[in-house]
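The values are calculated or read from the model by the stated rules, or taken from the named source; none is laboratory data. Owing to the predicted nature of the structure, the values given are computational and were not obtained by experimental measurement. Cβ atoms come from the backbone with ideal geometry, glycine included; neighbour counts cover every protein chain shown. The accessibility values were calculated without ligands, DNA or RNA, using every heavy atom of the protein model including side chains. Shrake-Rupley method; radii C 1.70, N 1.55, O 1.52, S 1.80 Å.
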Amino acid sequence: MQAYLNGQYLDKSSAMISVDDRGFVFGDGIYEVYRAVDGELFEGARHYQRLLEGVDALRIERPREAGEGQLLAIASRLLRENGHDTGHATVYVEITRGAAPRAHVFPAADTAPTVFVTTYPFKDAAAVRAEGARAITQPDVRWLRCNIKTVQLLPNVLAKQAAAEAGAFEAILIRDDGTVTEGTHSNLFAVLDGEVRTHPATNLILPGITRAVILEIAAELGLTVREVAITEGDLGGCDELFLTGTTTDVMPVTSLDGRLVGTGQPGPIATQLYEALSSRMESLRTVAR
Ligand code: PDD
């Protein structure tokens, strides 16, 4: 598998970073996951914008490769060389503040950021989607800048592991005050009182690209949508719950903490939104050919 690391294309198994890398030592970096269809990035401009916002929020100097054209060229070459330019794949980009002797304060201004890019095959969880996913709730113990896509994912990792050990697909995170925020790697939507609701794009959630696309699609379909937080108390009365994300698409949640959601079957709104999202992705194929 080919990867790009700091100006070089090489086999991923020989891509090495320094033990002084601040991504390794402090989690001092950001990442992005793009979806590719037949070698074309889905909503590439939006993912790129979020990546730049992350780099700027962490005050990492924008690396040379962070030009949109350069990054696109790197992604296209890796997708091709890895044989991921047909069908669905993902592109992973990570940018850290680079390698420097360990000190909390930012390193010298000439420290080059670390830039790593690779691609992965994408496997859709179609069988889970057909039945609906199980989810559990977990306390949201993350920091208060969840809008930045940092590589500091330990709370997400621990919550997802708890889900896996409970035989669930995802953990849904809840703040101490009962505000339901999102999943460990997905955003959350609920259908409640005839409305589609999702947490507003504040510091408490990642502003998901799929979330933004689903909001657009929902408006096009004439659904009533409100960006308002779902509370823990709302969860028991939802007609539908579903997750969205680059690696999740739209995933209906049909059981939460062992209790059925709505009818216990994937709901009509999640199904309709999934189909519309899929056809937007499929339209990339037409462009590509
Ligand atoms: N995760 N919320 C969190 C905490 C996420 O990590 C993600 C994505 C999302 C969905 O965002 P988007 O629609 O832009 O993918 C929401 C990626 C896929 C990951 O960590 O692998």
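Relative to the longest principal Cα axis of the chain, at what angle does helix 209-220 sit, 0 to 90 degrees, rounded to 10? Between helix and principal axis, roughly 40 degrees.
Listed values for region 87-100 are Karplus-derived 3J(HN,Hα) couplings in whole Hz (6.51 cos²θ - 1.76 cosθ + 1.60, θ = phi - 60°), namely x, 9, 8, 10, 10, 9, 10, 10, 10, 10, 6, x, 9, 7, and x replaces Gly and Pro.
Based on the Cβ-Cβ distance of residue 1 and residue 124, what FRET efficiency does E = 1/(1 + (r/R0)^6) give at R0 = 25 Å, to the nearest 0.05? Numbers along the way, then the final one.
Working: r = 20 Å, r/R0 = 0.81.
After rounding, the FRET efficiency stands at 0.80.
The angle separating the long axis of helix 44-57 from the principal Cα axis of greatest extent in the chain is about 70 degrees.
Under the classification rounded if a/c is under 1.5, otherwise prolate if a/b is larger than b/c and oblate if not, where does region 1-144 fall, given a ≥ b ≥ c as square roots of the Cα gyration tensor eigenvalues?
On the way: a/c = 1.89, a/b = 1.28, b/c = 1.48.
Oblate.
Computed over neighbours whose Cβ is under 14 Å from that of residue 10, the net charge equals 0, Lys and Arg +1, Asp and Glu -1. Dividing the convex hull volume of the alpha-carbon atoms in the chain by its residue count gives 132 Å³ per residue. Taking one quarter of the surface of the C-alpha convex hull of region 224-274 gives a mean projected area of 4.0 nm². Dipole of the chain computed with +1 at Lys/Arg Cβ and -1 at Asp/Glu Cβ about the Cα centre; of 106, 87, 8, farthest Cα towards the positive end is 8. Dipole orientation for the chain: of the candidates 55, 208, 196, 55 has the Cα lying most toward the positive pole (charges on Cβ; Lys, Arg +1; Asp, Glu -1). For a straight C-alpha distance cut-off of 25 angstrom, the lysines reachable from residue 160 (same-chain residues fewer than eight places away being disregarded) are 123, 149. Between the alpha-carbon centres of region 1-53 and region 209-234 there is a gap of 29 Å.
For region 164-289, the Cα gyration tensor yields ellipsoid semi-axes of 23, 16, 15 Å (square root of five times each eigenvalue, largest first, whole Å).
Based on Cα atoms of region 65-164, Rg over Rh with Rh as the Kirkwood radius reads 1.05.
Over region 102-225, what is the percentage of antiparallel beta bridges among all DSSP beta bridges, to the nearest 5? Mind dumping the intermediate values first?
Details: 7 of 13 bridges.
Taking every DSSP beta bridge with both residues in region 102-225, the antiparallel ones total about 55 percent.
Across region 252-262, computed HN-Hα scalar couplings (Karplus, 6.51 cos²θ - 1.76 cosθ + 1.60, θ = phi - 60°) run x, 9, 10, 9, 10, 6, x, 9, 5, 9, x Hz from first to last residue, x flagging Gly and Pro. For an R0 of 41 angstrom, estimate the FRET efficiency from the Cβ-Cβ distance between residue 152 and residue 80 and round to the nearest 0.05. According to the calculation, E is roughly 0.80.
Under a Cβ-only charge scheme (Lys and Arg +1, Asp and Glu -1), can you give me the dipole magnitude of region 1-119 about the Cα centre, in debye to the nearest 20? Numbers along the way, then the final one.
Working: 12 positive and 17 negative charges, 35 e Å.
Computed about the Cα centre, the dipole is about 160 debye.
What's the local net charge at residue 234, with K and R +1, D and E -1, over the other residues with C-beta under 13 Å away? Around residue 234, the surrounding residues sum to -3.
Quantify, in whole percent, the carbon and sulfur part of the accessible surface of region 54-114 (1.4 Å probe; protein heavy atoms only). In region 54-114, the share of accessible area belonging to carbon and sulfur is 53 percent. For the chain, what is the mean residue ellipticity at 222 nm derived from helices alone (per DSSP H run of n ≥ 4: -39500 (n - 2.57); sum divided by total residues; nearest 500 deg cm²/dmol)? Value at 222 nm, helices only, nearest 500: -9000 deg cm²/dmol. Just add up the charged neighbours of residue 194: K/R +1, D/E -1, any other residue whose Cβ is under 14 Å from the Cβ of residue 194. Neighbour charge sum, excluding residue 194 itself: -3. Remark on region 1-68: Rg and Dmax equal 13.5, 37 Å (Cα only).
Annotation for residue 143 and residue 285: the two label points, set 7 Å from Cα along the Cα-Cβ direction, are 4.1 nm apart. Relative to the longest principal axis of the Cα atoms of the chain, helix 154-165 runs at roughly 50 degrees. Phi angles of region 270-282 translate, via the Karplus equation with coefficients 6.51, -1.76, 1.60 and θ = phi - 60°, into HN-Hα couplings of 4, 5, 5, 5, 4, 5, 5, 5, 4, 6, 4, 5, 5 Hz per residue; Gly and Pro are given as x.
I'd like to check one number: the per residue accessible area of the chain, probe 1.4 Å, reported in Å² as a whole number.
Numbers: 13340 Å² over 289 residues.
Counting only protein heavy atoms, the per-residue value for the chain is 46 Å².
Within the accessible area of region 247-289, the carbon and sulfur atoms contribute 55%, probe 1.4 Å, all protein chains present. At the residue level, residue 225 shows approximately 50 square angstrom of accessible surface with a 1.4 angstrom probe and all protein chains present.
The overall shape of region 118-227, judged from the alpha-carbon gyration tensor, is rounded, with an a/c ratio under 1.5.
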